[in-house]
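Asker: This is the structure, below, for whatever I ask next.
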Amino acid sequence: NASLKSLFLRNNDIGPDGARGLCVGLMANATLTKLNLKNNKLGPEGAKELAPLLAGSKVLLEINLWNNGLGPVGVTVIAEALGREGATLEDLDVGCNAVGCEGAKSLAHALRSNRRIERLNLRWNEIEDEGGAALGAAFGDNHTLKEIQMFGNK
(Lines give C-alpha, C1' and ligand atoms only; values in the text may rest on other atoms or scores of the structure.)
Protein backbone atom coordinates (compact mmCIF):
# COMPACT_ATOMS: atom_id res chain seq x y z
CA ASN A 1 0.00 0.00 0.00
CA ALA A 2 1.61 3.23 -1.15
CA SER A 3 -0.47 5.49 1.12
CA LEU A 4 -0.67 3.60 4.46
CA LYS A 5 0.57 5.90 7.24
CA SER A 6 -0.80 4.31 10.44
CA LEU A 7 -1.40 0.66 11.30
CA PHE A 8 -3.19 -0.20 14.55
CA LEU A 9 -3.13 -3.93 15.31
CA ARG A 10 -3.38 -3.89 19.10
CA ASN A 11 -5.00 -6.79 21.00
CA ASN A 12 -4.71 -9.36 18.21
CA ASP A 13 -2.40 -12.03 19.68
CA ILE A 14 -0.12 -11.73 16.67
CA GLY A 15 2.79 -13.49 18.36
CA PRO A 16 6.28 -13.96 16.89
CA ASP A 17 5.09 -15.72 13.73
CA GLY A 18 2.64 -12.94 12.95
CA ALA A 19 5.37 -10.36 13.61
CA ARG A 20 7.59 -12.12 11.07
CA GLY A 21 4.89 -11.98 8.38
CA LEU A 22 4.01 -8.41 9.23
CA CYS A 23 7.61 -7.26 8.95
CA VAL A 24 8.10 -8.99 5.62
CA GLY A 25 5.16 -6.99 4.30
CA LEU A 26 6.23 -3.71 5.89
CA MET A 27 9.91 -3.72 4.96
CA ALA A 28 9.05 -2.43 1.48
CA ASN A 29 6.57 0.16 2.75
CA ALA A 30 7.78 3.73 2.31
CA THR A 31 4.87 5.55 3.96
CA LEU A 32 4.08 3.90 7.35
CA THR A 33 4.95 6.28 10.19
CA LYS A 34 2.94 4.74 13.09
CA LEU A 35 2.67 1.10 14.15
CA ASN A 36 0.64 0.04 17.19
CA LEU A 37 1.24 -3.56 18.31
CA LYS A 38 0.06 -3.18 21.91
CA ASN A 39 -0.97 -6.43 23.66
CA ASN A 40 0.08 -8.92 20.98
CA LYS A 41 2.16 -11.52 22.86
CA LEU A 42 5.23 -10.89 20.71
CA GLY A 43 7.77 -11.96 23.32
CA PRO A 44 11.54 -11.82 22.74
CA GLU A 45 11.21 -13.74 19.47
CA GLY A 46 8.75 -11.20 18.12
CA ALA A 47 11.18 -8.43 19.05
CA LYS A 48 13.83 -10.20 16.96
CA GLU A 49 11.42 -10.19 14.03
CA LEU A 50 10.72 -6.46 14.44
CA ALA A 51 14.37 -5.40 14.79
CA PRO A 52 15.18 -5.24 11.04
CA LEU A 53 12.12 -3.04 10.48
CA LEU A 54 13.12 -0.69 13.30
CA ALA A 55 16.71 -0.48 12.10
CA GLY A 56 15.95 -0.30 8.39
CA SER A 57 12.79 1.75 7.97
CA LYS A 58 13.41 5.25 6.67
CA VAL A 59 9.94 6.51 7.65
CA LEU A 60 8.70 4.70 10.79
CA LEU A 61 8.50 7.28 13.58
CA GLU A 62 6.35 5.67 16.26
CA ILE A 63 5.87 2.15 17.61
CA ASN A 64 3.74 0.98 20.53
CA LEU A 65 4.91 -2.33 22.00
CA TRP A 66 3.08 -2.02 25.35
CA ASN A 67 2.54 -5.32 27.18
CA ASN A 68 4.09 -7.80 24.77
CA GLY A 69 6.19 -9.85 27.17
CA LEU A 70 9.42 -8.59 25.60
CA GLY A 71 11.45 -8.93 28.80
CA PRO A 72 15.09 -7.88 28.99
CA VAL A 73 16.09 -10.02 25.98
CA GLY A 74 13.44 -8.55 23.68
CA VAL A 75 14.08 -4.98 24.78
CA THR A 76 17.82 -5.48 24.27
CA VAL A 77 17.12 -6.53 20.67
CA ILE A 78 14.94 -3.44 20.18
CA ALA A 79 17.61 -1.23 21.77
CA GLU A 80 20.30 -2.62 19.47
CA ALA A 81 18.14 -1.79 16.45
CA LEU A 82 17.61 1.75 17.73
CA GLY A 83 21.32 2.21 18.31
CA ARG A 84 22.12 1.63 14.65
CA GLU A 85 22.89 4.58 12.43
CA GLY A 86 19.88 5.59 10.34
CA ALA A 87 17.20 4.50 12.84
CA THR A 88 14.29 6.94 12.44
CA LEU A 89 12.06 6.10 15.42
CA GLU A 90 11.02 9.12 17.51
CA ASP A 91 8.43 7.55 19.83
CA LEU A 92 8.99 4.20 21.56
CA ASP A 93 6.47 2.67 23.96
CA VAL A 94 7.79 -0.45 25.70
CA GLY A 95 5.74 -0.04 28.86
CA CYS A 96 4.63 -3.11 30.85
CA ASN A 97 7.23 -5.49 29.39
CA ALA A 98 9.25 -6.58 32.45
CA VAL A 99 12.34 -4.84 31.05
CA GLY A 100 14.20 -4.98 34.36
CA CYS A 101 17.68 -3.61 34.96
CA GLU A 102 19.34 -5.45 32.07
CA GLY A 103 16.85 -4.16 29.53
CA ALA A 104 17.12 -0.66 30.99
CA LYS A 105 20.90 -0.76 30.63
CA SER A 106 20.55 -1.82 26.98
CA LEU A 107 18.18 1.05 26.30
CA ALA A 108 20.54 3.44 28.09
CA HIS A 109 23.38 2.31 25.82
CA ALA A 110 21.24 2.86 22.70
CA LEU A 111 20.12 6.30 23.88
CA ARG A 112 23.73 7.46 24.04
CA SER A 113 24.05 7.13 20.25
CA ASN A 114 20.42 7.55 19.12
CA ARG A 115 19.60 11.18 18.37
CA ARG A 116 16.05 10.66 17.08
CA ILE A 117 14.06 9.38 20.08
CA GLU A 118 11.89 12.16 21.53
CA ARG A 119 9.39 10.12 23.58
CA LEU A 120 10.09 7.00 25.64
CA ASN A 121 7.56 5.08 27.73
CA LEU A 122 9.09 2.70 30.29
CA ARG A 123 6.16 2.51 32.72
CA TRP A 124 5.62 -0.64 34.80
CA ASN A 125 8.84 -2.41 33.83
CA GLU A 126 10.35 -3.62 37.10
CA ILE A 127 13.31 -1.26 36.69
CA GLU A 128 15.26 -0.93 39.94
CA ASP A 129 17.96 1.50 41.09
CA GLU A 130 20.78 0.14 38.92
CA GLY A 131 18.73 0.33 35.71
CA GLY A 132 17.34 3.71 36.70
CA ALA A 133 20.85 5.06 37.27
CA ALA A 134 22.00 3.84 33.84
CA LEU A 135 18.99 5.45 32.18
CA GLY A 136 19.47 8.67 34.15
CA ALA A 137 23.03 8.99 32.91
CA ALA A 138 21.93 8.35 29.32
CA PHE A 139 19.11 10.88 29.60
CA GLY A 140 21.70 13.48 30.54
CA ASP A 141 23.72 12.70 27.41
CA ASN A 142 20.73 12.63 25.05
CA HIS A 143 19.40 16.06 24.09
CA THR A 144 16.57 14.94 21.79
CA LEU A 145 14.41 13.31 24.47
CA LYS A 146 11.42 15.49 25.31
CA GLU A 147 9.20 13.08 27.24
CA ILE A 148 10.10 10.13 29.46
CA GLN A 149 7.52 8.08 31.36
CA MET A 150 8.89 5.81 34.08
CA PHE A 151 6.29 5.54 36.84
CA GLY A 152 5.36 2.17 38.29
CA ASN A 153 8.93 0.89 38.47
CA LYS A 154 10.69 -0.27 41.63
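Asker: Report the charge-dipole magnitude of segment 16-62 in Debye, nearest 20, computed about the Cα centre from +1 at each Lys and Arg Cβ and -1 at each Asp and Glu Cβ.
Answerer: Using Cβ point charges on Lys, Arg, Asp and Glu, segment 16-62 gives about 80 debye.
Asker: Going by the alpha-carbon gyration tensor, a ≥ b ≥ c the square roots of its eigenvalues, is segment 44-152 rounded (a/c under 1.5) or, if a/c is not under 1.5, prolate (a/b greater than b/c) versus oblate?
Answerer: Here segment 44-152 falls in the oblate category.
Asker: Solvent-accessible area per residue for the chain at a 1.4 Å probe radius, Å²?
Answerer: Heavy-atom SASA per residue in the chain reads 47 Å².
Asker: If you roll a 1.4 Å probe over the chain with all protein chains in place, what percent of the accessible area is carbon or sulfur?
Answerer: Numbers: 3750 of 7240 Å².
Heavy-atom surface of the chain belonging to carbon and sulfur, 1.4 Å probe: 52 percent.
Asker: Here is a further query. Length gain on complete extension for the stretch Leu61 to Asp141, per 0.36 nm per residue less the alpha carbon to alpha carbon distance? Spell out each step's value before the answer.
Answerer: Numbers: separation 80, 0.36 × 80 = 28.80 nm, distance 2.13 nm.
Here the answer is 26.7 nm.
Asker: Ranked highest first by average number of other Cβ atoms within 10 Å, how do 91-99, 12-20, 143-151 line up?
Answerer: Ranked by mean Cβ neighbours within 10 Å, highest first: 91-99, 12-20, 143-151.
Asker: If you place +1 on the Cβ of every Lys and Arg and -1 on the Cβ of every Asp and Glu, how big does the dipole about the Cα centre of the chain come out, in debye to the nearest 20?
Answerer: Its charge dipole is roughly 440 debye.
Asker: Per DSSP helix of 4 or more residues, -39500 (n - 2.57); summed, then divided by the residues of the chain. What does that give at 222 nm, rounded to the nearest 500? Please list the in-between numbers first.
Answerer: Details: 5 runs with 65 residues, N = 154.
So the calculated ellipticity at 222 nm is -13500 deg cm²/dmol.
Asker: Is segment 1-84 best put as rounded, prolate or oblate by its Cα gyration tensor, with a ≥ b ≥ c the root eigenvalues, rounded for a/c under 1.5, and otherwise prolate when a/b is larger than b/c, oblate when not? Walk me through the numbers before you get to the answer.
Answerer: Details: a/c = 1.76, a/b = 1.27, b/c = 1.39.
The shape class here is oblate.
Asker: In the calculated pair distance distribution of segment 103-154, what percentage of Cα-Cα distances lie above 13 Å?
Answerer: The proportion of pairs with Cα distances above 13 Å equals 53 percent.
The values are calculated or read from the model by the stated rules, or taken from the named source; none is laboratory data. Just so it is clear, the structure is predicted and the values come from calculations on it, not from any experiment. Reconstructed Cβ throughout: ideal geometry from the backbone, glycine too, with neighbour counts over all protein chains shown. Side chains are part of the model used for accessible areas, which takes the heavy atoms of the whole protein and leaves out ligands, DNA and RNA. Shrake-Rupley method; radii C 1.70, N 1.55, O 1.52, S 1.80 Å.
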